[in-house]
Amino acid sequence: MNSYDIIRNILVTEKSALLKEANQYAFKVDPKATKFQIAAAITEIYGVKVASVNIINCLGKKKRVGRSPIVGKRADWKKAIVTLAEGTIELA
């Protein structure tokens, strides 16, 4: 996997905006990626030094479509909260 396959996108939410004050950023990442792979990908893509990576496995919600009694499910995904040692990430 290359770096762009590991890091799917950066999460821009109210909670991630508060994390920026502590020099932390939230990313949606590949579910099979490890902490070491995520840190290497962030360093390669953004050119910053990573201090730590925390990972959260998010479960997909159960959803219905219309009035149908059949229940489907959104996909499970993985979130990584990355703490930077040096530098910042520019949001384009």
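What are the residue pairs meeting all of these: first residue in the range 48-72, first residue in contact (Cβ under 8 Å) with a residue 12 or more places away in the chain, second residue assigned to a loop (DSSP other than H, G, I, E, B) and exposed (fewer than 10 other Cβ atoms within 10 Å of the Cβ), Cβ atoms under 6 Å, and 6 or more apart or on different chains? Pairs that qualify, where the first residue is in contact (Cβ under 8 Å) with a residue 12 or more places away in the chain and the partner is assigned to a loop (DSSP other than H, G, I, E, B) and exposed (fewer than 10 other Cβ atoms within 10 Å of the Cβ), are G60/A75. State yes or no: is T88 part of a loop (DSSP other than H, G, I, E, B) and β-branched (V, I, T)? For T88, the condition - part of a loop (DSSP other than H, G, I, E, B) and β-branched (V, I, T) - is met.
The numbers here are math on the coordinates, done by the rules we state, and not lab data. Quick caveat, the model's predicted, so the values are computed rather than measured. Note that we place each Cβ from the backbone using ideal geometry, even for glycine, and neighbour counts take in every protein chain shown.
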